[in-house]
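Data first, discussion second: the structure below is written as structure tokens.
The values are calculated or read from the model by the stated rules, or taken from the named source; none is laboratory data. Since the model is a prediction, treat every value here as computed from it, not as a measurement. All Cβ positions, even for glycine, are placed from backbone atoms using ideal geometry, and neighbour counts span all protein chains on display.
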Amino acid sequence: MMSPSLVPGSADAAAPRAGSEFAADMLKALDTRPRSISPKYFYDSAGSQLFDAICELPEYYPTRTEIGILTQCAGEVAQLAGPRAEIVEFGAGSLLKIRLLLDAMKEPARYMPVDISGDHLAGSAAALRRDYPGLDVHPVVGDYTQRVLLPVPRAGGGRRIGFFPGSTIGNFTPREAVHFLEVAGQVLRGGALLLGADLVKDPAVLHAAYNDSAGVTAAFNLNLLARANRELGADFALDQWAHYAFYEPRQQRIEMHLVSRRAQQVTVCGQRFDFAEGEALHTENSYKFTIEGLRALAMEAGFRPGPVWCDARQLFSVHWLYAPES
Ligand code: AVI
């Protein structure tokens, strides 16, 4: 399983210290109240490995549930996509998931994963070229939340089908989600988007998924501070911070925070910041959706909702959304 490569900025240990986007965003987060930083900074190589481990946890149902749904619906998806489809994956995600689609589709013509991390793209592209010799694998390095330049459609090619699995859409704010969908709609004009979205459910199930008994999600959250220590010369004492994740039903989202266990001072990029006991850094939102809510969001961005597939327990949903024609 590969990490979701959440939008840009997954630069690793080689990133410059004080001048990096991570440095600027961390300093801004620490200077603002309430303190909050984008979840994209989870995904350095240590964080990506921890995310892969999360996907295997018994409590973390989304990955295996979505794979189950994709296995079931791949044939129908292939019918809807038609022959010689050109697939655009937003993020260089799980090879397992894209293989399920490619294996079901009729002569898929082209696969274009879009990701900010060239290394990530190169690895998955090489594996797919080897296994699908007739497929034109065309990685595109870029930020898929902004307008990306894709190659012109191939002569005689089929529809453009977007793929955005994993409920990564839930890590955007609703406004960011609509913006992403608008950008995707322009790229996929006349085609469709296959989108994975985690569903609203029993809060106990959600709570367990983000508070696993092995402590992997806690390590994933705390890795943000470890990364700041590695890359920004910060001095976060990791044992003085608590992973705190809870479901907020009004906003239908899991919130993850890092909470200071005591009053303390922290130095980041040579600047000192005070934390009171119990003060938090908000590190992630993970929105959950009703089927109708997700379809309404998609319509706001100009998509026309098509079929939806779910698992028997209604934990997760996979949506076929028709992209605007013009
Ligand atoms: C990548 N994303 C969809 C995951 C989620 O569930 O929101 C990230 C994650 N955070 C904690 N566990 C998994």
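What to note about this one:
- Residue satisfying all of: in segment 175-197; in a helix (DSSP H, G or I) and within 15 Å of the ligand (Cβ to nearest atom); nearest to Leu102 (Cα to Cα) among these: Phe180
- Whichever residue in segment 44-64 is in contact with a helix residue (DSSP H, G or I) (Cβ under 7 Å, 6 or more places away or on another chain) and of a type in the set (D, E, K, R) and, among such residues, is surrounded by the fewest Cβ atoms within 10 Å (Cβ to Cβ): Glu59
- Of all the numbered requirements in (1) surrounded by 17 or more Cβ atoms within 10 Å (Cβ to Cβ); (2) in a loop (DSSP other than H, G, I, E, B); (3) more than 13 Å from the ligand (Cβ to nearest atom), Gly166 misses one, and that requirement is (3).
- Ala280 falls short of the stated requirement of being closer than 16 Å to Asp31 by Cβ and loosely packed, with under 15 Cβ neighbours inside 10 Å.
- In segment 29-60, the residues that are within 11 Å of the ligand (Cβ to nearest atom) and of a type outside the set (Phe, Trp, Tyr): Pro39, Lys40, Gly47, Ser48, Leu50, Asp52, Ala53, Ile54, Cys55, Leu57, Glu59
- Test result for Ala24, more than 15 Å from the ligand (Cβ to nearest atom) and not basic (Lys, Arg): yes
- Within segment 188-217, the set of residues being surrounded by 21 or more Cβ atoms within 10 Å (Cβ to Cβ), out of contact with any helix residue (DSSP H, G or I) (no Cβ under 9 Å at 6 or more places or on another chain) and farther than 25 Å from Arg313 by Cα comprises Leu188 only.
- The set of residues from segment 147-175 being among the β-branched types (Val, Ile, Thr) and modelled with pLDDT of 95 or more comprises Ile161, Thr168, Ile169, Thr173.
- Check on Gln79, modelled with pLDDT of 95 or more and surrounded by fewer than 17 Cβ atoms within 10 Å (Cβ to Cβ): yes
- One residue stands out among those in segment 258-291 that are part of a strand (DSSP E or B), charged (D, E, K, R) and free of Cβ contacts under 8 Å to residues at least 40 places away in the same chain: the one that is farthest from Leu206 (Cα to Cα), which is Arg272.
- Residue within segment 127-148 that is surrounded by fewer than 21 Cβ atoms within 10 Å (Cβ to Cβ), away from the ligand (no atom under 16 Å from the Cβ), hydroxyl-bearing (Ser, Thr, Tyr) and in a loop (DSSP other than H, G, I, E, B) present: yes
- A single member of His243, His207 is free of Cβ contacts under 8 Å to residues at least 40 places away in the same chain and within 16 Å of the ligand (Cβ to nearest atom), and it is His243.
- Segment 231-258: number of residues that are touching an Asp or Glu at 6+ places or on another chain (Cβ under 9 Å) and surrounded by 16 or more Cβ atoms within 10 Å (Cβ to Cβ): 8
- Residues in segment 1-55 that are at pLDDT below 95 and among the basic types (Lys, Arg): Arg17, Lys40.
- For segment 210-240, the set of residues classified as away from the ligand (no atom under 13 Å from the Cβ), in a helix (DSSP H, G or I) and within 22 Å of Tyr43 (Cβ to Cβ) consists of Leu225, Ala226, Arg227, Ala228, Asn229, Arg230, Glu231, Leu232, Leu238, listed by residue number.
- Residue within segment 292-307 that is crowded, with 17+ Cβ neighbours inside 10 Å, among the small types (Gly, Ala, Ser) and assigned to a loop (DSSP other than H, G, I, E, B) present: yes
- Test result for Thr267, surrounded by 13 or more Cβ atoms within 10 Å (Cβ to Cβ), closer than 19 Å to Asn171 by Cβ and away from the ligand (no atom under 16 Å from the Cβ): no
- Test: residue in segment 134-150 that is over 19 Å from the mean Cα position of the chain (by Cα) and closer than 21 Å to Pro305 by Cβ: no
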